[in-house]
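> Have a look at the structure that comes next, please.
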Amino acid sequence: MPASIPLLLLLALAVMVVVHVVVPKTRPILWKVSAALGLVMLGLLMYLGMFYAPPEAFMSNVGRILYVHVPYIWMAFIAFLMNVGCAFAYLMKKSWVTDALAESSAEVGVLFGAVGVAMGSIWARPTWGVWWDWDPRLISTTVMLLSYVGYLALRSFTEDPERRATWSAAVGILSGVSLPITYYSVRWWNSLHQVQSSTASVDKTMGSVLLWGLVTLLCFLFPFIVKRYEIARARQTAAMELPPLEAPRPEAA
Amino acid sequence: MRALFAGLVVAASLAFADIAPPEKAPPEPAPAPAVVEPAPAPAPAPQHPMGIEKAVGSGVIQGGWEYVYACYALAVIGVLGYGASLFVRRPKEQAS
């Protein structure tokens, strides 16, 4: 499979995200298109990852876990980066939109990160001989995940919406410090974990399947954040009696 | 009397003592060469239905498909499960 196929799908998804942001009328449809595309691609990823891609040189078929483990962790990083960006944006200019986006991205990131770490643990058993090792990458990833779990706990324990938004933005930025530490942990310290995988660090066929996995999970990341954002906005509205999301704007006289 | 007793002691000790030089033990027969049984053939690694195992060389991890299946199942459960949780938690305006 040429890498151009998942690249084209990635481009289509990027267009969908842009249209979703720019043209509000398309919002009820585009997330469904993305989710449906994600489901089809996930089914194909099962085939591509387990049967199409060649076995890894040393790990053989166990190496096929790469195509789901790495994209899951990438999604967690993307979501957490989005959280940091929203936290900075909120502190610079207070907005309920950035606060809701920060909340949704943190929860989605925790989901992807937790599943990714669980996959890594399963992968460690046949390759390292243990389910878990207190390795720099694993420790830093655990700290990163726990800091975002703490972020979500802080949000749920704080009653006042404005105070919650400000405090969680500060905690979001602090949690963001763990992102580069986690990412570079395999290079900064001696680690059992291999260095970062990318589409350039593996065989061309494996790279295209890895890219396919990335686009597949991006197709899920987009609707997850959109739908979780709607939940966060609805809660804000209920808490503060804000005008509804789709409220018609009063026309200028 | 003492002489009789002493004579009995000497006679008894001569009778029970193993004063004969130890006989040389016959050389033990050389052990028969052990029959070298052929080592049992290693159990074949579980074959994948599509025969991908053929491409796996020696010196690498063999098998391990159960871990692969577990991870792919987790990948599906992760997205479907979270999608279901978002559906359950959807705002009331959308639910009605």
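The values are calculated or read from the model by the stated rules, or taken from the named source; none is laboratory data. This structure is a prediction, so every number in the text was calculated from the model and none was measured. Cβ coordinates were reconstructed from backbone atoms using ideal geometry, including for glycine residues, and neighbour counts include every protein chain displayed. Note: accessible area is taken over every heavy atom of the protein model, side chains too, but ligands, DNA and RNA are not part of it. Shrake-Rupley method; radii C 1.70, N 1.55, O 1.52, S 1.80 Å.
> Considering only the stretch B:63-96, how many residues are facing chain A (nearest Cβ under 7 Å), assigned to a helix (DSSP H, G or I) and more than 47 Å from the chain's Cα centre (by Cα)?
So the count comes out to 1.
> Could you grab the pairs with beta carbons closer than 8 Å, sequence gap of 6+ or different chains, first residue in the stretch A:53-73 and under 16 Å from B:Gln62 (Cβ atoms), second one in a strand (DSSP E or B)?
Short answer, once both residue conditions are applied: A:Val62/A:Glu56; A:Gly63/A:Glu56; A:Arg64/A:Glu56.
> Next question, about the same structure. Please verify whether A:Thr205 is within 14 Å of another protein chain (Cβ to nearest Cβ), open to solvent by 40 Å² or more (accessible area, probe 1.4 Å) and touching a residue at least 60 places away in the same chain (Cβ under 8 Å), treating the condition exactly as stated. Even if it seems obvious, please write down each step before you answer.
On the way: within 14 Å of another protein chain (Cβ to nearest Cβ): yes; open to solvent by 40 Å² or more (accessible area, probe 1.4 Å): yes; touching a residue at least 60 places away in the same chain (Cβ under 8 Å): yes.
Against the criterion (within 14 Å of another protein chain (Cβ to nearest Cβ), open to solvent by 40 Å² or more (accessible area, probe 1.4 Å) and touching a residue at least 60 places away in the same chain (Cβ under 8 Å)), A:Thr205 qualifies.
> Return only the number of the condition from (1) open to solvent by less than 60 Å² (accessible area, probe 1.4 Å); (2) at pLDDT below 85 that A:Val171 does not satisfy.
Just one mismatch for A:Val171, condition (2).
> I'd like the full set of residues that are more than 18 Å from A:Leu174 (Cβ to Cβ) and more than 14 Å from chain B (Cβ to nearest Cβ), limited to the stretch A:125-146.
Narrowing the stretch A:125-146 to residues more than 18 Å from A:Leu174 (Cβ to Cβ): A:125-138.
The answer is A:Trp132, A:Asp133, A:Trp134, A:Asp135, A:Pro136, A:Arg137, A:Leu138.
> Still on this structure, please answer the following. Among the numbered criteria (1) within 22 Å of the chain's Cα centre (by Cα); (2) away from chain B (no Cβ under 13 Å); (3) open to solvent by less than 60 Å² (accessible area, probe 1.4 Å), which single criterion is violated by A:Pro161?
(1)
> While we're looking at this one, here's another question. Between a first residue in the stretch A:166-178 that is closer than 14 Å to A:Leu91 by Cα and a second residue that is part of a helix (DSSP H, G or I) and basic (Lys, Arg), which pairs have beta carbons less than 6 Å apart while being 6 or more apart in sequence or on different chains?
Taking only residues 6 or more apart or on different chains, the pairs are A:Ser168/A:Arg155.
> Filter the stretch A:174-195 down to the residues that are open to solvent by 20 Å² or more (accessible area, probe 1.4 Å), farther than 30 Å from A:Leu8 by Cβ and either in contact with a Leu (Cβ under 6 Å, 6 or more places away or on another chain) or not small (Gly, Ala, Ser) (or both) and list them by number. Full working, then the answer.
Going residue by residue through the stretch A:174-195, those that are open to solvent by 20 Å² or more (accessible area, probe 1.4 Å) are A:174, A:177, A:180-181, A:183-184, A:187-195.
Add one more test, that the residue is farther than 30 Å from A:Leu8 by Cβ, and what stays is A:174, A:177, A:180-181, A:184, A:187-193.
Of everything in the stretch A:174-195, those that are open to solvent by 20 Å² or more (accessible area, probe 1.4 Å), farther than 30 Å from A:Leu8 by Cβ and either in contact with a Leu (Cβ under 6 Å, 6 or more places away or on another chain) or not small (Gly, Ala, Ser) (or both) turn out to be A:Leu174, A:Val177, A:Pro180, A:Ile181, A:Tyr184, A:Arg187, A:Trp188, A:Trp189, A:Asn190, A:Leu192, A:His193.
> Are any residues in the stretch A:209-253 part of a helix (DSSP H, G or I), among the hydrophobic types (A, V, I, L, M, F, W, C) and at pLDDT below 85, and if so, which ones? I'd like the intermediate steps shown before the answer.
Pass one, the stretch A:209-253, residues part of a helix (DSSP H, G or I): A:209-240.
Imposing the further condition that a residue be among the hydrophobic types (A, V, I, L, M, F, W, C) reduces the set to A:209-212, A:214-215, A:217-222, A:224-226, A:231-232, A:234, A:238-240.
Passing the criteria: A:Ala238, A:Ala239, A:Met240.
> So in the stretch A:123-154, with the set limited to residues that are touching a residue at least 12 places away in the same chain (Cβ under 8 Å) and outside any helix (DSSP H, G or I), which one is least open to solvent (accessible area, probe 1.4 Å)?
Within the stretch A:123-154, the match that is least open to solvent (accessible area, probe 1.4 Å) is A:Asp135.
> Now a separate question. From (1) open to solvent by 50 Å² or more (accessible area, probe 1.4 Å); (2) part of a loop (DSSP other than H, G, I, E, B), pick out the condition that doesn't hold for A:Ser198.
For A:Ser198, the failing item is (1).
> Within the stretch A:21-40, count every residue that is within 18 Å of the chain's Cα centre (by Cα), open to solvent by less than 40 Å² (accessible area, probe 1.4 Å) and away from chain B (no Cβ under 11 Å).
1
> May I pose another question? Across the stretch A:42-72, what is the number of residues that are more than 10 Å from every other protein chain (Cβ to nearest Cβ) and crowded, with 21+ Cβ neighbours inside 10 Å?
Total meeting the criteria: 2.
> Let me ask another. Would you tally the residues in the stretch A:82-122 being within 16 Å of the chain's Cα centre (by Cα) and free of Cβ contacts under 8 Å to residues at least 12 places away in the same chain?
Counting residues in the stretch A:82-122 that are within 16 Å of the chain's Cα centre (by Cα) and free of Cβ contacts under 8 Å to residues at least 12 places away in the same chain gives 2.
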